[in-house]
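The values are calculated or read from the model by the stated rules, or taken from the named source; none is laboratory data. Since the structure is predicted, the reported quantities are computational estimates derived from the model, not experimental observations. Glycine gets a Cβ as well: all are built from the backbone with ideal geometry, and neighbour counts include every protein chain shown.
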Amino acid sequence: MALQALHSSGVAFRKILSHFPEELSLAFAYGSGVYRQAGPSSDQKVSSNLVFNLDTTLEFSRELKKKKKKKNCWQQPDIWLFFSPISFLFQLIKYGVISTSILIEDLLNWNNLYIAGRLQKPVKIIAMNENVILRSALDKNLRSAVTAAFLMLPESFSEEDLFIEIAGLSYSGDFRMVIGEDKTKVLNIVLPNMAHFRELYSSILQENPQVVYKTQQGRLEIDKSPEGQFTQLMTLPKTLQQRINHIMDPPGKNRDVEETLLQLAHDPDCGDVVRLGLSAIVRPSSIRQSTKGIFTAGLKNSVIYSSLKLHKMWKGWLRKTS
């Protein structure tokens with residue numbers, strides 16, 4: 001696993017971190033303020049997103065309420081992640097909180113693919129403790145992302161194809177990609193950051209026995225035989241396997257997951273079914289997260305932030321049609 005350590009931007013993010021309670025298991029930053037993105041947002045003021053992970057969110061919410069005197073802080077333990085926009089040092093920052101147990105569950109099983117999807121892309125690690133289980137889950141999430149992408153790609157493809165597929169996993173079925181997000185968002189994330197994606201996934205690709213990784217040419221070849229695809233399907237996260245089983249299982253059949261995956265491994269439309277399974281995970285999660293965001297961030301902040309998203313989408317559309 002090659003999660004990026006924080007270097008040049010460390011001082012700025014640590015200043016922000018000092019305004020939040022301590023005792024974090026993991027803190028990371030992402031967004032255009034961390035890694036450059038192409039597209040209509042590249043010439044605007046950058047924004048940053050921070051995620052704080054700790055064993056229980058209850059104490060964090062109490063401390064944060066004292067420090068920031070905010071009325072919209074979390075009031076129950078281990079609540080699922082949502083973001084609250086705030087203004088800090090003249091830039092827009094969103095921060096979210098998630099408990100360690102829920103984070104690990106999503107990394108291993110892809111229950112929501114919300115936080116797991118963020119960590120499939122390059123991020124800046126601000127703080128991290130020596131939790132062996134968490135570190136193992138972070139690594140497993142990256143390997144699962146590679147496997148899912150393999151199933152949706154042809155026998156031969158480029159590094160760029162692979163990283164675009166990986167970066168798009170958490171956007172499959174996301175209704176915000178229809179309304180409110182720039183349609184070229186995935187390309188804008190990947191193309192300026194190919195080197196960071198290589199650093200994140202290079203060792204995993206070189207160790208994978210099912211892929212021939214031609215690093216000099218930036219090309220990959222994978223095993224697309226039914227046997228190879230069955231091996232890949234059997235290592236997918238549990239929730240994705242269950243969604244695939246639900247899609248393929250005819251009424252009254254009640255087949256077990258392994259039987260369904262064996263059939264799918266022989267199906268020429270295997271990749272399309274995997275994509276449908278991803279959409280079945282992401283769609284309800286994206287709706288739920290957006291709904292929570294309105295209530296927790298406050299209507300004013302939500303309207304401001306949403307208007308920026310719509311503006312980015314509009315500029316992206318104009319750029320494509322010009």
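Please work out which residue is modelled with the lowest pLDDT, limiting yourself to the stretch 116-126 and to residues that are outside any helix (DSSP H, G or I) and farther than 17 Å from THR235 by Cα.
Going residue by residue through the stretch 116-126, those that are outside any helix (DSSP H, G or I) are 119-126.
Pick out the ones that are also farther than 17 Å from THR235 by Cα and you get 119, 121-126.
Numbers: LEU119: 95, LYS121: 95, PRO122: 93, VAL123: 91, LYS124: 88, ILE125: 88, ILE126: 85.
My answer is ILE126.
Matching residues to (1) among the charged types (D, E, K, R); (2) in contact with a helix residue (DSSP H, G or I) (Cβ under 7 Å, 6 or more places away or on another chain); (3) crowded, with 22+ Cβ neighbours inside 10 Å; (4) at pLDDT 95 or above:
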{"position": "MET128", "(1), (2), (3), (4)": "no, no, no, no"}
{"position": "LEU162", "(1), (2), (3), (4)": "no, yes, yes, yes"}
{"position": "PHE175", "(1), (2), (3), (4)": "no, yes, no, no"}
{"position": "VAL178", "(1), (2), (3), (4)": "no, no, no, no"}
{"position": "LEU191", "(1), (2), (3), (4)": "no, no, no, no"}
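Looking for something of a type in the set (Ser, Thr, Tyr), surrounded by fewer than 19 Cβ atoms within 10 Å (Cβ to Cβ), outside any loop (DSSP other than H, G, I, E, B) and modelled with pLDDT of 95 or more - is there at least one such residue anywhere in the stretch 294-309? Taking every residue of the stretch 294-309 in turn, none turns out to be of a type in the set (Ser, Thr, Tyr), surrounded by fewer than 19 Cβ atoms within 10 Å (Cβ to Cβ), outside any loop (DSSP other than H, G, I, E, B) and modelled with pLDDT of 95 or more.
Out of GLN241, GLN229, which single residue is closer than 24 Å to ILE281 by Cβ, surrounded by 13 or more Cβ atoms within 10 Å (Cβ to Cβ) and in contact with a Cys (Cβ under 7 Å, 6 or more places away or on another chain)?
Details: GLN241 fails: in contact with a Cys (Cβ under 7 Å, 6 or more places away or on another chain).
It is GLN229.
Scanning the stretch 134-160 for residues that are of a type in the set (A, V, I, L, M, F, W, C) and modelled with pLDDT under 95 yields a single hit, LEU134. Annotation: of all residues in the stretch 203-221 being out of contact with any strand residue (DSSP E or B) (no Cβ under 8 Å at 6 or more places or on another chain) and not in a loop (DSSP other than H, G, I, E, B), the one that is surrounded by the fewest Cβ atoms within 10 Å (Cβ to Cβ) is GLU207.
I'd like to know if the stretch 146-161 contains one or more residues that are of a type in the set (Ser, Thr, Tyr), assigned to a strand (DSSP E or B) and within 22 Å of VAL190 (Cα to Cα).
From the stretch 146-161, those of a type in the set (Ser, Thr, Tyr) are 147, 156, 158; that's our starting set.
Filter again for assigned to a strand (DSSP E or B), leaving 156, 158.
From what's left, within 22 Å of VAL190 (Cα to Cα): 156, 158.
Looking through the stretch 146-161, at least one residue is of a type in the set (Ser, Thr, Tyr), assigned to a strand (DSSP E or B) and within 22 Å of VAL190 (Cα to Cα).
Does GLY96 satisfy the criteria of being modelled with pLDDT of 80 or more, small (Gly, Ala, Ser) and within 25 Å of SER32 (Cα to Cα)? Outline the logic, then answer.
On the way: modelled with pLDDT of 80 or more: no; small (Gly, Ala, Ser): yes; within 25 Å of SER32 (Cα to Cα): yes.
Criteria not met by GLY96.
Report yes if LYS224 is in contact (Cβ under 8 Å) with a residue 60 or more places away in the chain, in a loop (DSSP other than H, G, I, E, B) and charged (D, E, K, R), otherwise no. Yes; evaluated as a whole, the condition is true for this residue.
Taking the criterion of being surrounded by fewer than 24 Cβ atoms within 10 Å (Cβ to Cβ), out of contact with any Lys or Arg (no Cβ under 6 Å at 6 or more places or on another chain) and of a type outside the set (A, V, I, L, M), the residues of the stretch 92-121 that qualify are LYS94, TYR95, GLY96, SER99, THR100, SER101, GLU105, ASN111, ASN112, TYR114, ARG118, LYS121.
For the stretch 255-263, the criterion of being touching a residue at least 24 places away in the same chain (Cβ under 8 Å) and over 19 Å from ILE281 (Cβ atoms) is satisfied by at least one residue.
Scanning the stretch 214-238 for residues that are of a type in the set (Ser, Thr, Tyr) and closer than 16 Å to LEU151 by Cα turns up SER225, THR231, THR235.
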